[in-house]
Structure formats: C-alpha cells, structure tokens
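What follows is a short report on a single structure.
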Amino acid sequence: MNTELFFIGFIAALTPGPDNMLTMQISLTYGLRKGLETFSGIFTGNLIMISVLLIGFASLGKNIYFQVFVSLFGGSYLIYISYQIFKNRKREIKARSPSVKSFYLKGLYVNLSNPKAIIFFSAILAPFIGKGSLILNLLSLTCGIVSAFLLVIFVSNTLRENLITEKSAFIINTFSSFIFFVFSLELFFNFYEKLKIIL
C-alpha cells in the first residue's frame, strides 16, 4: 500500500468542502444509514472522475469551457442544497427521511459538480500514474478517502445519538445551509472569473 497516497486521500477528504459537509449534515440529521447512502453517491462520483481521468481525459478538468459549465452547474446545485437544508432546518432529528435514491443522488450530484474534486484527482493521480502499481496507488488513495468519510459519518452519528437536541439540530442545519451557500458563491465567483477569460 502507498501510505503517501493513503494520507493524501485521507487528509483531502477531511478538509472542509461540499462532499464532507453534506455527509456530516445528513449523518447528523438522519443518522448512520443515510450518511452511508450519501457517501455511496459521493464515492460513485469519485469512481467516475477517476475512470474519466484514467481513460485519458485528464486535460478535461483544465478546459476552461468545462470549468465554466461545472462552476455554473455546481453553484446552482449548491444553492438548491442550501435552500433545501434551510427550508427543512426545523425537521425533527428522528423524522422519516426521503428515499435512499435521493440521498445517493444528492451525494453523486454534489461530488460531480465540485470542481475542486475534479482538480484534486487530476493533480493527485497524474504524478502517480507512472510510478509503481496503478491498481495499488488507486487502492491506497481510495482507502484514504473512504476512511476519512467513514470517520465523519461515525463521529456525526455518535454525536447525533448522544448529544444532538432539536435546538442544536436547528443550529447545525442553519449553519450547514449557510456553508453550502458560501460554497455556491465561491463556484459562482469561479464561473464569473472563467467567463471573463473566455469573453
């Protein structure tokens, strides 16, 4: 196992971003199972990105038109997520939750609309493609990412079961909504900057 790639994946997955914020928010609000369902969508998005890069489309992430599209789509989707969390911030912690499909798709869409994830995989995988076993390198990176997300899910679920009250859930959901709004503004700013370059 490539410990360097394992720790790169682990630390990168723990840094604040839309993927782990969504996973944490859903795990705190709906519990372990829904957090895992959300992560399965995020993980599918990671596999799609890795596959696209390995097929030879690494330059796609550097294409300015692609970045404009992803920034606009990602910003729009994160605004939607922010609104949904804000609208439902009073929801009871033990309330009946939406279907598995919606949590899976939410995780998938947030991951695929995140330009930072695309750039991360482009930047991290490229130097390691020619070094050592590609399968071992991918496995190491994947194990690091999965370990970090499982940590977030299990810690969030433990907090949910032992410490979270209705009032604190309301505060967490309001804060999460704000964070997603800030992430969407960042993507819209990125969209604006890239659009200025094109025009």
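The values are calculated or read from the model by the stated rules, or taken from the named source; none is laboratory data. Keep in mind that this is a model prediction, so the values were computed, not measured. Here Cβ is always computed from backbone atoms with ideal geometry, including for glycine, and neighbour counts include all displayed protein chains.
Before moving on, here are some points about what is shown:
- Set side by side, the residues Ile145, Ile171 differ, and just one is within 19 Å of Ser27 (Cα to Cα), part of a helix (DSSP H, G or I) and modelled with pLDDT of 85 or more, which is Ile145.
- Only one of the numbered conditions (1) over 19 Å from Leu78 (Cα atoms); (2) of a type outside the set (Val, Ile, Thr); (3) surrounded by 23 or more Cβ atoms within 10 Å (Cβ to Cβ) is not met by Arg33, and that is (3).
- In the range 61-115, residue nearest to Ile42 (Cα to Cα) [restricted to those that are among the charged types (D, E, K, R), at pLDDT below 80 and loosely packed, with under 13 Cβ neighbours inside 10 Å]: Lys101
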